[in-house]
1. Kindly indicate whether any position in the stretch 78-91 is touching a helix residue (DSSP H, G or I) at 6+ places or on another chain (Cβ under 8 Å) and surrounded by fewer than 19 Cβ atoms within 10 Å (Cβ to Cβ).
2. Search the stretch 136-160 for residues that are modelled with pLDDT of 95 or more and pair each with any residue that is surrounded by fewer than 17 Cβ atoms within 10 Å (Cβ to Cβ) and among the aromatic types (Phe, Trp, Tyr) when their beta-carbon atoms are under 8 Å apart and the residues are at least 6 apart or on different chains.
3. Please determine, by comparing only the residues of the stretch 114-129 that are open to solvent by 60 Å² or more (accessible area, probe 1.4 Å) and farther than 21 Å from residue 48 by Cβ, which one is nearest to ligand 2 (Cβ to nearest atom).
4. Does residue 181 meet the test of being within 20 Å of residue 191 (Cα to Cα), part of a loop (DSSP other than H, G, I, E, B), free of Cβ contacts under 8 Å to residues at least 40 places away in the same chain and more than 16 Å from ligand 2 (Cβ to nearest atom)?
5. Out of the residues in the stretch 168-186 that are near ligand 1 (Cβ under 6 Å from one of its atoms) and not small (Gly, Ala, Ser), which is farthest from the chain's Cα centre (by Cα)?
6. Could you check how many residues of the stretch 55-65 are in contact (Cβ under 8 Å) with a residue 40 or more places away in the chain and either among the basic types (Lys, Arg) or surrounded by fewer than 19 Cβ atoms within 10 Å (Cβ to Cβ) (or both)?
7. Does residue 68 satisfy the criteria of being free of Cβ contacts under 8 Å to residues at least 12 places away in the same chain and acidic (Asp, Glu)?
Amino acid sequence: MVEHPKRLAILTGAGMSTESGVPDFRSQTGLWANHDPMQTATVQVLEDQYDTFHAFYGNRLERLQAIEPHNGHAIITEWQKKGIVSVIATQNVDQLHQESGSENVAELHGNLREYKCHDCREEVKQKDFIAKKHCHRCGGKLRPNIVLFGEQLPMQTWEYAAKCIRESDVLVVIGTSLQVAPVNQLPELAPNERIYINEEIDTPIPFTRTIQAKAGEGLQRLSKEWHI
Ligand code: APR
Ligand code: ZN
C-alpha cells in the first residue's frame, strides 16, 4: 500500500478552477487569449485607464458570483481535515478553496473578494468598488486586493508557503502553467516528492511524477492511491 504524505504541500493555479467554470489565462480559451494582461492587469492601467481596469475586474468579479467549488477542491479540503496538509498555496483569486471548506489558504496573488483604496490602502466595501466610488478618506481609486503584474507579493504569505514547501514530504502542484515568477520558483524548493497534475505537461521544472489529467481526476487518483 502506498503510504500517504504526512506533510503535504499543495500549490494551485487557474487550472484548478476551470472545472468550476472560471477561465484560466494561458490555454486557448484563457483570459489572456483575448486580453493583453499588460493592457489590463497593471498598476499603470489602474492609474491611467481606470475605466478599462474597472470594467475588466468588475466583469471577473461578476463571474465569481455563480461559481461553485468542484470535487477536486473537496478532496483537498478532506485531506486538510485529516491533518496531512501543511499549506494550500494558490495563485487563484476566486476563493474556491475556502468555499469548499479549506482553511488558512495562502493567497499568493490576493483575492477578488477584498477591496481597498489604491492610494491610502483603506479597506473598502466590494459594493463601493462596483459602484466606482472614490475612497471616502482620500478620494483615491478603489481596487481589488490582488497582486497586479509588477507588484510585490504578500511577503508573509510567500514566506509561509515557501517554508511549508521546503519542509514537505510531498508537494502536489495542480493546474498552473508555471510561467509566472516568483510562484514558478516554489516547486523546486520541495526536497522530496514533487507531483504535477496538469492538462498540459510542458514545464522545464523537474517533477518526480507528472499526471496529465484534469485537476479533479488527478486528485481523485491520488486520493485512491493514498487511501485518504
Ligand atoms: N485540469 C488540469 N489542468 C488544467 C485544467 C484542468 N481542468 N484547466 C487548465 N489547466 C492547465 C492549463 O493547461 C495550463 O497549463 O492549467 C494551466 C493554467 O495556466 P495559466 O492559465 O497560465 O494559469 P496560472 O498558471 O495560474 O497563471 C499564473 O498568471 O495571469 C497571472 O496572476 C495570474 O495567477 C495568475 C498567474
Ligand atoms: Zn484612500
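1. yes
2. 141/50
3. 123
4. Spelling it out, residue 181 is indeed within 20 Å of residue 191 (Cα to Cα), part of a loop (DSSP other than H, G, I, E, B), free of Cβ contacts under 8 Å to residues at least 40 places away in the same chain and more than 16 Å from ligand 2 (Cβ to nearest atom).
5. Step by step, filter the stretch 168-186, then rank; the result is 179.
6. The qualifying residues number 4.
7. For residue 68, the condition - free of Cβ contacts under 8 Å to residues at least 12 places away in the same chain and acidic (Asp, Glu) - is not met.
So that you can scan it fast, the table gives a plain yes or no per residue for (1) of a type outside the set (Ser, Thr, Tyr); (2) more than 18 Å from the chain's Cα centre (by Cα):
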site	(1), (2)
7	yes, yes
12	no, no
18	no, no
21	yes, no
28	yes, yes
39	yes, yes
48	yes, yes
54	yes, yes
57	no, no
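The values are calculated or read from the model by the stated rules, or taken from the named source; none is laboratory data. Here the structure is a predicted model, which means the values were calculated and not measured. Quick reminder, even Gly has a Cβ in these numbers, built from the backbone with ideal geometry, and neighbours come from all protein chains shown. With ligands, DNA and RNA removed, areas are computed over all heavy atoms of the protein, side chains included. Shrake-Rupley method; radii C 1.70, N 1.55, O 1.52, S 1.80 Å.
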